[in-house]
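These notes concern the structure reproduced below.
The values are calculated or read from the model by the stated rules, or taken from the named source; none is laboratory data. Computed from a predicted model, the values in this text were never measured in an experiment. Because the Cβ atoms are built from the backbone with ideal geometry, glycine has one as well, and the counts that use them run over all protein chains shown.
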Amino acid sequence: MSVYPDDRAIQALKRYDQAEVYVSETVVRTVYIDGSRISNVETKTDAGMMFRMIDGNRSGKSSVSLNSEGAVQDCLDMAEAVLSRSPGAKSPNSYASPAQARIAAPDVWDRRVEEASAEDLRELARQVIDNCRVDIPRAQIRVSCTESRTVNGNGVDVGHRSTMVYGHFTSMTRIDHPGEGMETYHGTGLDLDPARIGEELSRKAEAAAVSREFKGSEKLTMMLPPSELGDMLLSSVGSAVNGENRKYGRTMWAQSLGEKVASDSLTIVDDPSSPAPLSCVFDDEGIPAYRKAVISGGVLEGFLNDTFCGDSTGNGMRRSSVEPQGAYDRTPTIKPLNLVVKPGSMSKERMIESIDHGILVEKFAWPEADELTGRFGLNVRCGYMIRKGEVVGTVNNALLMGNMLEAVANIEAIGNDPVQTGVATVPSMSFSGVDLVGNRGLAA
């Protein structure tokens, strides 16, 4: 690895009870689509450093972009200034100590990403456009290569390198009325399929264009595909097992360790050994990452921690699964590395056939539950009404309400179609007991 802290930062580690320097360098290439035309291809390089320390009961930190000769010394001076003004804490936690790796290095570096040229990205964008029957108002394909290093005064000296590919695509068409679609791709390799993306953008926009406004209200089964379920689980279950939320009593599951919190059919592990944007051997604090049970057969097995919470599980992360730049500017926070839901045996078609009265949500306005309570009230932009195992219509402009922390206890079926969606690998799932409300239902 070529990225390593400047010697001035390494020497500064010796001056404090605890100290750490983190450096990262990222090269990002992005192609933009506007109005079904390629508008721009840009390349950016981003390098920076964070220095943080603990001296007695005081702490300090600072971060800088390494774009000038004096940047390293500026960072050290600013961190020292923060330390001198620190109000102190009762018992600041120590930084990481050296430890052996617990997993083999995951496959998160794709040479095709490293070697991708501007023309390669243009060609990918052209193929998406050529395979899409409808307009693409805005889209982007972003590829990046990141190298980082964590060194501290305890003897930790670990590095990481990874590639990341992120694609975000929107589509629009008019049939009876405007219809919109959206597709995303998160991964570490250049494996996105432009023909499939173009077809899905077309299908989703065309389906939304012939949908009808839902009226009335009813309690039914909610079926979510991986594209909508990933963020719903991360914002609810992911937050519920966040160790900082447990530390401050902000999670509904704070006192539920070893107890049943979900359906017997639900098993979730945090697995950094498989290719995912945040998979790693050591987290961004230098703690070994490993495959750990979160929920097993509905029972809460553990929480995810960083060094701030103590007893770190190797989930202290600076890096983002979406934004590759600026890792050095972020203090480590607890993040899942790759929450993996154990898939079931049912196909998507068989799941639909098993639903008596429900809705398959193709697209929410924004698929996210409340991080503290798990509650949600989301606008359905496009959904398929299911009656007696058959799709009988397409609806929009309806409010779907429920609670994801309750929904995981009311799972009806889990599909066999897992998709890696950033830091979650999830299949389609269906849940009973949610409420669908249209305009007349709200007025009533």
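From the list ARG122, ARG85, ARG112, ARG138, exactly one residue is touching a helix residue (DSSP H, G or I) at 6+ places or on another chain (Cβ under 9 Å) and of a type outside the set (Gly, Ala, Ser). Which is it?
Details: ARG122 fails: touching a helix residue (DSSP H, G or I) at 6+ places or on another chain (Cβ under 9 Å); ARG85 fails: touching a helix residue (DSSP H, G or I) at 6+ places or on another chain (Cβ under 9 Å); ARG138 fails: touching a helix residue (DSSP H, G or I) at 6+ places or on another chain (Cβ under 9 Å).
Step by step, each of ARG122, ARG85, ARG112, ARG138 is checked, and only ARG112 is touching a helix residue (DSSP H, G or I) at 6+ places or on another chain (Cβ under 9 Å) and of a type outside the set (Gly, Ala, Ser).
Summed over segment 326-341, residues that are crowded, with 18+ Cβ neighbours inside 10 Å and either assigned to a loop (DSSP other than H, G, I, E, B) or free of Cβ contacts under 8 Å to residues at least 60 places away in the same chain (or both) total 5.
What are the residues in segment 342-362 that are assigned to a strand (DSSP E or B) and in contact with a Gly (Cβ under 7 Å, 6 or more places away or on another chain), if any? Lay out the reasoning, then the answer.
Filtering segment 342-362 down to residues assigned to a strand (DSSP E or B) leaves 346, 357-362.
Listed by number, the residues that qualify are MET346, ILE359, LEU360, VAL361, GLU362.
Within segment 63-75, the set of residues being of a type in the set (S, T, N, Q) and either surrounded by fewer than 20 Cβ atoms within 10 Å (Cβ to Cβ) or outside the structural domain of VAL128 (by TED's automatic domain parsing) (or both) comprises SER65, ASN67, SER68, GLN73.
Sort out for me the strands (runs of 3 or more DSSP E) sitting completely within segment 385-444 that have 2 or more residues that are of a type in the set (S, T, N, Q).
On the way: elements: 390-396, 398-403, 411-414, 424-426, 429-437.
Fully inside segment 385-444 and qualifying: 390-396, 429-437.
Scan segment 72-102 for residues that are small (Gly, Ala, Ser) and within 31 Å of the chain's Cα centre (by Cα) and the total you get is 6.
When CYS382 is tested against (1) out of contact with any Phe, Trp or Tyr (no Cβ under 8 Å at 6 or more places or on another chain); (2) not in a strand (DSSP E or B), only condition (2) is not met. Return the residue satisfying two criteria in turn: it lies in segment 354-397 and is among the small types (Gly, Ala, Ser) and within 25 Å of the chain's Cα centre (by Cα), and of such residues it is modelled with the lowest pLDDT. Among them, the one singled out is ALA365.
Just one of (1) touching an Asp or Glu at 6+ places or on another chain (Cβ under 6 Å); (2) surrounded by fewer than 20 Cβ atoms within 10 Å (Cβ to Cβ); (3) aromatic (Phe, Trp, Tyr) fails for TRP109. It is (1). When each of SER263, SER279 is tested for being within 30 Å of ILE359 (Cβ to Cβ) and at pLDDT 95 or above, the lone residue that passes is SER263.
Within segment 386-412, count every residue that is in contact (Cβ under 8 Å) with a residue 24 or more places away in the chain, farther than 14 Å from GLY433 by Cβ and either of a type in the set (A, V, I, L, M, F, W, C) or not assigned by TED's automatic domain parsing to the domain that holds SER217 (or both).
In the first step, residues of segment 386-412 are kept if they are in contact (Cβ under 8 Å) with a residue 24 or more places away in the chain; the result is 386-391, 393-412.
Restricting the remaining residues to those that are farther than 14 Å from GLY433 by Cβ gives 386-391, 393-399.
From what's left, either of a type in the set (A, V, I, L, M, F, W, C) or not assigned by TED's automatic domain parsing to the domain that holds SER217 (or both): 386, 391, 395, 398-399.
The qualifying residues number 5.
Residues in segment 83-103 that are crowded, with 16+ Cβ neighbours inside 10 Å and either over 26 Å from ASN315 (Cβ atoms) or of a type in the set (A, V, I, L, M, F, W, C) (or both): LEU83, ALA96, ILE103. Any residue at all in segment 186-205 that's farther than 29 Å from VAL21 by Cβ, in contact with a His (Cβ under 9 Å, 6 or more places away or on another chain) and surrounded by 21 or more Cβ atoms within 10 Å (Cβ to Cβ)? Within segment 186-205, none of the residues are farther than 29 Å from VAL21 by Cβ, in contact with a His (Cβ under 9 Å, 6 or more places away or on another chain) and surrounded by 21 or more Cβ atoms within 10 Å (Cβ to Cβ). The condition of being within 26 Å of ASP329 (Cβ to Cβ), surrounded by fewer than 20 Cβ atoms within 10 Å (Cβ to Cβ) and assigned by TED's automatic domain parsing to the domain that holds GLU20 holds for only one of GLN140, GLN127, that being GLN140.
Quick check on this structure: which one of SER202, SER227, SER235 is over 30 Å from ASP135 (Cα atoms), assigned to a helix (DSSP H, G or I) and among the hydroxyl-bearing types (Ser, Thr, Tyr)? Break it down into steps so the answer makes sense when it comes.
Details: SER202 fails: over 30 Å from ASP135 (Cα atoms); SER227 fails: over 30 Å from ASP135 (Cα atoms).
None of the others qualify; the one that does is SER235.
Within segment 42-59, identify whether any single residue is at pLDDT below 95, surrounded by fewer than 16 Cβ atoms within 10 Å (Cβ to Cβ) and not basic (Lys, Arg), and answer yes or no. Checked segment 42-59: at least one residue is at pLDDT below 95, surrounded by fewer than 16 Cβ atoms within 10 Å (Cβ to Cβ) and not basic (Lys, Arg). When SER211 is tested against (1) surrounded by fewer than 18 Cβ atoms within 10 Å (Cβ to Cβ); (2) more than 30 Å from SER279 (Cα to Cα); (3) modelled with pLDDT under 95, only condition (1) is not met. Of a type in the set (D, E, K, R), assigned by TED's automatic domain parsing to the domain that holds LYS348 and touching a residue at least 40 places away in the same chain (Cβ under 8 Å): is that true of LYS219 in this structure? So LYS219 passes the test. One residue stands out among those in segment 347-374 that are touching an Asp or Glu at 6+ places or on another chain (Cβ under 9 Å) and basic (Lys, Arg): the one that is farthest from ASN245 (Cα to Cα), which is LYS348.
Among the residues making up segment 1-11, those that are touching a strand residue (DSSP E or B) at 6+ places or on another chain (Cβ under 8 Å) and either in a strand (DSSP E or B) or over 17 Å from GLU69 (Cα atoms) (or both) are MET1, SER2.
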